[in-house]
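Reading through the structure tokens given below for one structure.
The values are calculated or read from the model by the stated rules, or taken from the named source; none is laboratory data. It should be emphasised that the depicted structure is a prediction, and the values quoted were computed from it without experimental measurement. Virtual Cβ from ideal backbone geometry, glycine too; neighbours counted across all protein chains shown.
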Amino acid sequence: MKKLITLLLAAMVMAGASAITHLPDQGVYRIKNVYSGTYVKLQNNYLADITALTYEDASPLLVWYGERDENGEALLTNLSGDGGDMIETLEFIKGLIEETLDYNNKPTWFLEEMFQLHLVPTGDPDGSVYLCVDVPEIEDWEEIRDIILEAAGGQTAVTYYISHMVPGNRHYMGIDYDGSFGYRLQAGTPEGTDIKFLMEREDLEGGYCFVKTASATAEKPYLRRVHQLNSTVDLASPHNDASAVFNLAVDGIKVNSLFVQGFEMGTLASAINGAYLALCPTNTTAEKFTYDAYALKLQLPDENVDAAAVVAAAKQALGDDSEIAAALESHSSLIKDRAAIYFVHNDQGGITITGDEGYMQYGDDGKWKLEFIDDQDNYFAPATQIEAGGKFYTTLYAAFPFTVVNAGNVVAYTVTALDDNGTPVLEAIQGTIPAATPVILECASQNDADNMLMPAAATPSGAPIFTAATPSSLNGTYFDDNTENDHNTMLTLQDGLKFAIDNTASFMPANKAWATKQVVTAITTIATDARNAEAPIYDLMGRKVVNPTHGIYIRDGKKVVY
């Protein structure tokens, strides 16, 4: 197999690096031979050599594999780069050989195992791996081998591969004298390291982004964070929706933080000891060798995984009525040692889960794209709702800090007080508007591109933010159904740039700000006895409270202490 199978060898190569006893996460890597110090380089669909001198010259390769066994080994299911797909090449060669053997009435049962690429951790502290092929015992191998070699007609890759196979043995991929791949029948060659490979990870970038399903059939393809910690693909466009702004922090492919609307999705993984959330690069159907689509998975620990405990942890982290928690409970058979749980787009426009075996069947429904909010195409902008004096206004309550891109077109104000007519006293905010700060935005036009806001401070806090960092007489909500719009106390921005009672809406819209009927900007005396027993009670965030505990609340427009 010298050159064509070289491709195959490269495939296995790349899948190898690991921690001491574990395989590396699936993702994009550049592969380096321990003995030579050179990297794998794909030259075209059928050639791969270990000849690249530097990381920059090496070919970035996508490594994907199935579930690991009890020894930490796995089988490659995808090994591809811009030069081709090595697994598909193996399958093509296997198919040709199978046709030849069928024609000659020879058995073919051994081909499946013979063309599977194993990823095996060496156990060394450097995290290196072996790339292996197992060849079972085959009766009349010499005759079968000669038939295949004759049909190959001197084709280098097939000839090398078949002539070096010794039935009943595991074959290790190593580096030959000419920089191409070769076989070893056992570990521990004279050089000692020429069959060991290191996988050097190509890290993902983090930052603020929109998350979009790769499915071509999704009418509303963008994820957003809705109430009760459910994520649904229900946006046609994310530009005007603050609940679609995700803050991603990654280490390689491991997700340290996926923060949206005051919620840290990473809490699901942290609630399960030894688990982690990961974004694994994968190929799109249309752009086969680009890495702009990802699988989102929960990787479970190697041992002692208890399905009931995982479901309980998910409910605690995400909420009892979370769609994801419910999916884990209804698919508990997927929860086991070393398993990966993939989050995929379903036919109802929401999210469901699947395991390793089912993931590939979802196709692009199991792949997600990240659109980073950093240019003229991907941005966040407020949807203005009120016109007054030739300007356009709206309120905003966002879980992330942001800056105004066009300061000549957009001004952010905090409200320091309301007069008796509901007219706000405005104070412009200079620089970055802090997270969880209810503001009024004044825009010179209704064109989204003119009103762009850019999220700031790319590293998320890792915890929900509920307290405004800038003093304001307004309150805010992240969700359109968690703050009941009580017509007796809640004032929203109305025509004429005033806050007034809104008798048309049952709930406060998501990411909007409101004022209470009587706004107190400085507390000098707190009434403890003026409590209308019939009036609803609200906390300082404006959320209705049924059973108040010790603290300060709002009742009948007044601050009261319980």
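Regarding the stretch 334-341, can at least one residue be identified that is in contact with a Phe, Trp or Tyr (Cβ under 6 Å, 6 or more places away or on another chain), of a type in the set (A, V, I, L, M, F, W, C) and part of a loop (DSSP other than H, G, I, E, B)?
no
When both residues are 6+ apart or on different chains and their Cβ atoms are under 7 Å apart, which pairs have a first residue that lies in the stretch 139-166 and is exposed (fewer than 15 other Cβ atoms within 10 Å of the Cβ), and a second that is assigned to a loop (DSSP other than H, G, I, E, B)?
Going by the 7 Å Cβ cut-off, the qualifying pairs are V166/L185.
Any idea how many residues of the stretch 192-238 are part of a loop (DSSP other than H, G, I, E, B) and either surrounded by fewer than 18 Cβ atoms within 10 Å (Cβ to Cβ) or among the hydroxyl-bearing types (S, T, Y) (or both)?
11
Regarding the stretch 112-124, can at least one residue be identified that is in a strand (DSSP E or B) and of a type in the set (D, E, K, R)?
The answer is no, given that none of the residues of the stretch 112-124 is in a strand (DSSP E or B) and of a type in the set (D, E, K, R).
Table: residues versus (1) touching a Gly at 6+ places or on another chain (Cβ under 6 Å); (2) in a helix (DSSP H, G or I); (3) at pLDDT 90 or above; (4) among the small types (G, A, S).
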{"residue": "V250", "(1), (2), (3), (4)": "yes, no, no, no"}
{"residue": "S257", "(1), (2), (3), (4)": "yes, no, no, yes"}
{"residue": "A269", "(1), (2), (3), (4)": "no, yes, no, yes"}
{"residue": "G274", "(1), (2), (3), (4)": "no, no, no, yes"}
{"residue": "T290", "(1), (2), (3), (4)": "no, no, no, no"}
{"residue": "L296", "(1), (2), (3), (4)": "no, no, yes, no"}
{"residue": "V305", "(1), (2), (3), (4)": "no, no, no, no"}
{"residue": "K315", "(1), (2), (3), (4)": "no, yes, no, no"}
{"residue": "A327", "(1), (2), (3), (4)": "no, yes, no, yes"}
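Among the residues of the stretch 334-355, which ones are out of contact with any strand residue (DSSP E or B) (no Cβ under 9 Å at 6 or more places or on another chain) and either in the same structural domain as G66 (by TED's automatic domain parsing) or without any contact (Cβ under 8 Å) to a residue 24 or more places away in the chain (or both)?
Selection gives D347 alone.
So for the stretch 66-77 (the condition being within 28 Å of Y294 (Cβ to Cβ), basic (K, R) and assigned to a strand (DSSP E or B)), does at least one residue qualify?
No, because not a single residue in the stretch 66-77 is within 28 Å of Y294 (Cβ to Cβ), basic (K, R) and assigned to a strand (DSSP E or B).
What strands (runs of 3 or more DSSP E) completely inside the stretch 386-448 contain at least 1 residues that are touching a strand residue (DSSP E or B) at 6+ places or on another chain (Cβ under 9 Å) and more than 25 Å from V260 (Cα to Cα)?
Answer list for the stretch 386-448: 386-388, 391-396, 410-418, 424-428, 439-443.
Scan the stretch 133-153 and give yes if some residue there is under 34 Å from the mean Cα position of the chain (by Cα) and within 30 Å of F402 (Cα to Cα), otherwise no.
No, the stretch 133-153 contains no residue that is under 34 Å from the mean Cα position of the chain (by Cα) and within 30 Å of F402 (Cα to Cα).
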